[in-house]
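First the structure, in the form of structure tokens, and then the observations on it.
The values are calculated or read from the model by the stated rules, or taken from the named source; none is laboratory data. Remember, it's a predicted structure, so these values are computed and weren't measured experimentally. Here the Cβ is made from the backbone with ideal geometry for all residues, glycine too, and neighbour counts use every protein chain on show. For the accessible areas, the whole protein counts, side chains as well, though only heavy atoms, and no ligand, DNA or RNA atoms are used. Shrake-Rupley method; radii C 1.70, N 1.55, O 1.52, S 1.80 Å.
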Amino acid sequence: MTIAIIPARFASTRFPGKPLAMIGGKTMIQRVYEQVKSCPAINEVAVATDDDRIFQHVSDFGGRAIMTKEDHPSGTDRVAEAAGHFPNANVVVNIQGDEPF
């Protein structure tokens, strides 16, 4: 099983709230999620976040969100924590959450 995990945090120093920024009527995180979901090689998609606003937004558009610890030094660490929710996965893909197209 191949899973894709999109790390997303609100507290960016360069662009706070970037995952929830609107692009043509949808948030950046929703656009990334939908693009990944359309890939036939991916069996499951999830957003790994430490922020309630992002978690709720992903849930609201029908996506899967996983709450992670706040103190991860990188998105890769956040993905590693979230991957534990998928014990049957044999491939984990770290998707950059700021590339909506």
request  = Would you mention how many residues in segment 35-50 are among the charged types (D, E, K, R), more than 20 Å from PHE10 (Cβ to Cβ) and open to solvent by less than 70 Å² (accessible area, probe 1.4 Å)?
outcome  = 1
remark   = Taking first residues from segment 61-75 that are under 21 Å from GLU44 (Cα atoms) and second residues anywhere that are open to solvent by 90 Å² or more (accessible area, probe 1.4 Å) and assigned to a loop (DSSP other than H, G, I, E, B), the pairs with Cβ under 7 Å that are 6 or more apart or on different chains are ILE66/HIS85
query = Inside segment 67-96, can you point out the residues that are more than 16 Å from VAL32 (Cα to Cα) and either touching a Ser or Thr at 6+ places or on another chain (Cβ under 6 Å) or open to solvent by less than 50 Å² (accessible area, probe 1.4 Å) (or both)?
reply = THR68, HIS72, SER74, ARG78, GLU81, ALA82, ALA83, PHE86, ALA89, VAL91
message = With the requirement that a residue be part of a helix (DSSP H, G or I), in contact with a Pro (Cβ under 7 Å, 6 or more places away or on another chain) and open to solvent by 10 Å² or more (accessible area, probe 1.4 Å), what does segment 20-34 give you?
response = MET28, ARG31
query = Within the set of pairs 6 or more residues apart or between chains, which connect a residue that is in contact (Cβ under 8 Å) with a residue 40 or more places away in the chain inside segment 35-46 to a residue that is charged (D, E, K, R) and surrounded by 13 or more Cβ atoms within 10 Å (Cβ to Cβ) with Cβ atoms less than 8 Å apart?
reply = GLU44/ARG64; VAL45/LYS37; VAL45/ARG64; ALA46/ARG64
Every pair of residues 6+ apart whose Cβ atoms lie under 8 Å, when the first sits in segment 13-28 and is over 14 Å from GLU99 (Cβ atoms) while the second is of a type in the set (Ser, Thr, Tyr) and in a loop (DSSP other than H, G, I, E, B) = none
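Among the residues of segment 1-19, which ones are touching a strand residue (DSSP E or B) at 6+ places or on another chain (Cβ under 9 Å) and either part of a strand (DSSP E or B) or of a type in the set (Ser, Thr, Tyr) (or both)?
Selection gives THR2, ILE3, ALA4, ILE5, ILE6, PRO7, ALA8.
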task = Enumerate the strands (runs of 3 or more DSSP E) found wholly within segment 41-101, keeping only those where 2 or more residues are over 12 Å from the mean Cα position of the chain (by Cα).
result = 91-94
